[in-house]
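The structure appears below as structure tokens.
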Amino acid sequence: MIGRIRGVLVEKAPGQALVECAGLGYEVDIPYTTFFHLPETGQEVTLHTHFAVREDAQSLYGFASRLDRDLFRLLIKVNGVGPKLAVGILSGLDAQQFIRCVESRDSASLVKLPGVGKKTAERLLIEMADRIGQLEGQFVPMSPEAAGAGQQPEIAASRGASATEEAEAALIALGYKPQEAAKAISKVSEEGMSSETLIRLALRNMIPA
């Protein structure tokens with residue numbers, strides 16, 4: 001089991017990071033909430049990881065915090081929730097936001113996530129209510145100010161007309177329909193915004209914290 005990786009961030013894109021460690025380059029699948037916290041390429045990065053082995057594939061999933069990684073492991077134990085859906089859930093909501101949804105029985109926020117229907121949302125609320133206790137000691141309540149806008153750092157990225165296209169493509173890859181992605185990006189788009197900023201703001205509007 002690969003539980004953590006530390007190395008140089010060689011490449012990054014919404015949904016994936018390439019980390020070089022001891023001469024090896026590891027392709028790591030990541031949720032967007034982790035992508036927003038990545039440093040610039042060429043800098044050192046540490047990711048908490050989960051290594052998944054199937055008959056047809058081996059995948060390494062990475063997360064900015066141990067809490068996100070441990071929640072991912074609990075999510076994939078829920079009936080009908082695989083790694084792809086779990087990454088999608090943690091792309092729209094970080095671990096602390098998801099835990100708050102469970103504690104407040106907020107299914108409305110969950111059904112806004114791509115791939116999560118009403119039945120899946122209810123199943124998540126029921127099954128995760130008994131499991132989030134396993135995360136005791138990692139979940140730290142945040143003040144409204146800390147949980148508000150701007151808590152995630154800005155990350156430099158390509159700017160200009162392509163930023164909108166990159167942001168739309170990222171949302172589509174996450175599971176949103178092209179029309180939904182285009183509409184969400186157009187609502188928050190302003191001149192000079194990076195694709196990362198567009199994605200973050202679009203997700204925030206689509207899935208209010």
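The values are calculated or read from the model by the stated rules, or taken from the named source; none is laboratory data. Quick caveat, the model's predicted, so the values are computed rather than measured. Cβ atoms come from the backbone with ideal geometry, glycine included; neighbour counts cover every protein chain shown. Side chains are part of the model used for accessible areas, which takes the heavy atoms of the whole protein and leaves out ligands, DNA and RNA. Shrake-Rupley method; radii C 1.70, N 1.55, O 1.52, S 1.80 Å.
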**Message:** Regarding segment 182-192, can at least one residue be identified that is over 16 Å from the mean Cα position of the chain (by Cα), surrounded by fewer than 17 Cβ atoms within 10 Å (Cβ to Cβ), modelled with pLDDT of 50 or more and on the phi > 0 side of the Ramachandran plot?
**Reply:** yes
**Request:** Taking the residues in segment 5-40 that are of a type in the set (Gly, Ala, Ser), open to solvent by 40 Å² or more (accessible area, probe 1.4 Å) and part of a strand (DSSP E or B) as candidates, determine which candidate is modelled with the lowest pLDDT.
**Result:** 13
**Asked** Out of segment 110-123, which residues are in contact (Cβ under 8 Å) with a residue 24 or more places away in the chain and either touching a Pro at 6+ places or on another chain (Cβ under 7 Å) or not in a helix (DSSP H, G or I) (or both)?
**Response** 112, 113, 114, 115, 116
**Fill in**
For residue 85, the lone unmet condition from (1) out of contact with any Gly (no Cβ under 6 Å at 6 or more places or on another chain); (2) assigned to a helix (DSSP H, G or I); (3) buried (at least 17 other Cβ atoms within 10 Å of the Cβ) is (1)
**Asked** In segment 90-109, which residues are in a helix (DSSP H, G or I), of a type in the set (A, V, I, L, M) and in contact (Cβ under 8 Å) with a residue 40 or more places away in the chain?
**Response** 90, 95, 99
**Request:** Determine which single condition residue 55 fails, assuming it passes every other condition in (1) assigned to a strand (DSSP E or B); (2) without any contact (Cβ under 8 Å) to a residue 12 or more places away in the chain.
**Result:** (1)
**Prompt:** residue 2 versus (1) surrounded by 18 or more Cβ atoms within 10 Å (Cβ to Cβ); (2) touching a residue at least 40 places away in the same chain (Cβ under 8 Å); (3) touching a His at 6+ places or on another chain (Cβ under 9 Å): which is the lone unmet condition?
**Reply:** (1)
**Request:** Could you check how many residues of segment 119-178 are at pLDDT 50 or above, buried (at least 17 other Cβ atoms within 10 Å of the Cβ), within 19 Å of residue 195 (Cβ to Cβ) and of a type outside the set (Gly, Ala, Ser)?
**Result:** 5
